[in-house]
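Colleague: Here it is, the structure, as structure tokens.
The values are calculated or read from the model by the stated rules, or taken from the named source; none is laboratory data. Everything quoted here is computed from the prediction, not taken from an experiment. Cβ placement follows ideal geometry from the backbone for every residue including glycine, while neighbour counts extend to all protein chains displayed. Ligands, DNA and RNA are stripped out before the accessible areas are found, and what is left, the full protein with its side chains, is counted by its heavy atoms. Shrake-Rupley method; radii C 1.70, N 1.55, O 1.52, S 1.80 Å.
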Amino acid sequence: MAKQKKGQKAEDGGLLGQLRMPSGPVDLTKYDTRATPGFAGSKDDGKAAMEGLGAEVSDWQERLFAEGRKGGQRSILLVLQGMDTSGKGGVIRHGAGLMDPQGLKITSFKAPTPAEKRRGFLWRIRQAVPSHGLIGIFDRSHYEDVLIARVRNLVAPSVWDKRYDQINEFEAELADSGVTILKCYLHISADEQKVRLQERLDNPTKHWKYNPGDVDEREFWPDYMDAYHAAIERCGTEKAPWYVVPSDRKWYRNWAITTMLLETLKSLDPQWPEADFDVATEKKRLAAT
């Protein structure tokens, strides 16, 4: 196999094709959390490649936004899931930071309020779905209701078990309405999570990020892995597949998700809307002022 150039994307479906989870049984232990699929280069190369994506991803985002403002009915929903410290916020800072805020809708889902619980687990998710022309980003999502709800026994097994089918129906509905769904599992190791939590404790400027509850959750790591296996296996569909992103290397994680987002935008191929006015006439009117 020919050696890739630094930062070169692999062919055969691009990075989306490489990181997409196939159908069938899921075993995340077979996926290297420090791997860099589709990228042959160093950390510095990765950071440079990330910066290099800025102009292109911004241009394609603006095209999608313009299309949506002029009658287009398409949007993108990027779902970020992963264990604590996997980097959901980092992806948003570095990836979304390359794009125009007016074309983004970012939602961070915390524990549902009592009022939200009474409305059903998908109600608050529906409120956050991006409208036409927007890129929506979910920091955690409806999958928490088959992850922490399952691990922590927040609802009966008969309840969370039904949610997989409800999620599939919901996502199929979104896809049919013009929403392209990009579901990314940020795959980190338990050892890497421990390192990142220690860094938060050692650095006073990161104490605000530290949550003592994160240590408690580490005790349930095997249970969370079982829950993720089930969520990815049962909710990886043709219309809304899962992508597993190795995330022990932060620079790769950020580059990979931004690259997949760019590939998604290009596949949609939004076009600049044609003027709904006579351009020549408007030029004359403007020149006369």
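Colleague: Select from region 124-142 the residues that are loosely packed, with under 13 Cβ neighbours inside 10 Å and either free of Cβ contacts under 8 Å to residues at least 40 places away in the same chain or of a type outside the set (G, A, S) (or both) and list them in ascending order.
Modeller: The answer is Q127, and nothing else.
Colleague: Of the residues Q198, Q193, which single one is open to solvent by 30 Å² or more (accessible area, probe 1.4 Å), assigned to a helix (DSSP H, G or I) and either farther than 25 Å from L15 by Cα or of a type outside the set (K, R) (or both)?
Modeller: Q198
Colleague: Sort through V279, V215 and tell me the only one that's open to solvent by 60 Å² or more (accessible area, probe 1.4 Å), of a type in the set (A, V, I, L, M, F, W, C) and at pLDDT below 95.
Modeller: V215
Colleague: Residue check: is A156 open to solvent by 40 Å² or more (accessible area, probe 1.4 Å), over 23 Å from K194 (Cα atoms) and either at pLDDT 95 or above or among the small types (G, A, S) (or both)?
Modeller: The answer is yes for A156.
Colleague: List, please: which pairs have Cβ atoms under 8 Å, are six or more places apart or on different chains, and start with a residue in region 181-196 that is in contact (Cβ under 8 Å) with a residue 24 or more places away in the chain and farther than 15 Å from Q81 by Cα and end with one that is charged (D, E, K, R) and crowded, with 21+ Cβ neighbours inside 10 Å?
Modeller: Short answer, once both residue conditions are applied: E192/D248.
Colleague: Among the helices (runs of 4 or more DSSP H) confined wholly to region 45-123, which include 3 or more residues that are without any contact (Cβ under 8 Å) to a residue 40 or more places away in the chain and within 18 Å of D145 (Cα to Cα)?
Modeller: Because the criterion is at least 3 residues that are without any contact (Cβ under 8 Å) to a residue 40 or more places away in the chain and within 18 Å of D145 (Cα to Cα), the helices (runs of 4 or more DSSP H) in region 45-123 that meet it are 114-118.
Colleague: Give the residues of region 93-104 that are surrounded by fewer than 20 Cβ atoms within 10 Å (Cβ to Cβ) and closer than 21 Å to P241 by Cα, sorted by residue number.
Modeller: Across region 93-104, there are no qualifying residues.
Colleague: Since D223 meets every condition but one in (1) assigned to a helix (DSSP H, G or I); (2) open to solvent by less than 30 Å² (accessible area, probe 1.4 Å); (3) more than 28 Å from V179 (Cα to Cα), which condition does it not meet?
Modeller: (2)
Colleague: Filter region 41-72 down to the residues that are within 18 Å of the chain's Cα centre (by Cα) and either surrounded by fewer than 16 Cβ atoms within 10 Å (Cβ to Cβ) or among the aromatic types (F, W, Y) (or both), then identify the one that is farthest from P270 (Cα to Cα).
Modeller: My answer is G54.
Colleague: Any residue at all in region 16-29 that is at pLDDT below 95, more than 23 Å from Q193 (Cβ to Cβ) and among the small types (G, A, S)?
Modeller: Yes, because at least one residue in region 16-29 is at pLDDT below 95, more than 23 Å from Q193 (Cβ to Cβ) and among the small types (G, A, S).
Colleague: Another question about this same structure. Output the residues belonging to region 237-252 that are open to solvent by 10 Å² or more (accessible area, probe 1.4 Å) and either among the basic types (K, R) or in a helix (DSSP H, G or I) (or both).
Modeller: Hits for region 237-252 are K239, R249, K250, W251.
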